[in-house]
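Here's the structure, in structure tokens; my notes come after.
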């Protein structure tokens, strides 16, 4: 994919569509050492916090990627085109604890511009983030219907806020 480095202010995306329909790949770890993991996410946001551009992502404590998010101070989001839906689904349903799911997905990890975690060569958009804050969801503050639907097993999310430090995209996504 031929991406260009852009300023976050130039990106043209529909955030709800990005997270709910395109399902970014969240990756944390170190590309140079080969110690990283990827998962598909459907919950997240882009915005501004403390006058800085940020992305937030939600990771359950039970996920293998959680261990990487806790060990490393950064993460990436890679947004792939629709033709990679099978790989996106595969990475969202398999655990890196059980084998090399990234190799099995057929995707190509590559070095990011700024952070140690990789991005994917097939991505249309990559967003690199340095973790600036993390906090666990508090069950007593979650609406009852959401608790019943998403947390029957009490496997709650930790929310990670990442300052966006680099973005690249194909021309369709910037002005």
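Quick notes on this structure:
- Any chance residue 112 is surrounded by 16 or more Cβ atoms within 10 Å (Cβ to Cβ) and in contact with a helix residue (DSSP H, G or I) (Cβ under 8 Å, 6 or more places away or on another chain): no
Every residue, every condition in (1) surrounded by 13 or more Cβ atoms within 10 Å (Cβ to Cβ); (2) under 18 Å from residue 110 (Cα atoms), yes or no:
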position	(1), (2)
123	yes, yes
138	no, no
153	no, no
167	yes, yes
173	yes, no
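- Which listed residue, of 62, 95, is at pLDDT below 95 and surrounded by fewer than 21 Cβ atoms within 10 Å (Cβ to Cβ): 95
- Hits in the range 29-44 - residues which are in contact with a helix residue (DSSP H, G or I) (Cβ under 6 Å, 6 or more places away or on another chain) and closer than 17 Å to residue 135 by Cα: 44
- Checking residue 117 against (1) outside any strand (DSSP E or B); (2) loosely packed, with under 14 Cβ neighbours inside 10 Å, the condition it does not meet: (2)
- Members of the range 124-175 that are assigned to a loop (DSSP other than H, G, I, E, B), out of contact with any strand residue (DSSP E or B) (no Cβ under 7 Å at 6 or more places or on another chain) and in contact (Cβ under 8 Å) with a residue 40 or more places away in the chain: 170, 175
- Listed by position, the strands (runs of 3 or more DSSP E) inside the range 2-85 whose residues that are free of Cβ contacts under 8 Å to residues at least 12 places away in the same chain and within 14 Å of the chain's Cα centre (by Cα) number at least 2 form an empty set.
The values are calculated or read from the model by the stated rules, or taken from the named source; none is laboratory data. Just so it is clear, the structure is predicted and the values come from calculations on it, not from any experiment. Counting neighbours? That spans all protein chains shown, and the Cβs are built from the backbone with ideal geometry, glycine included.
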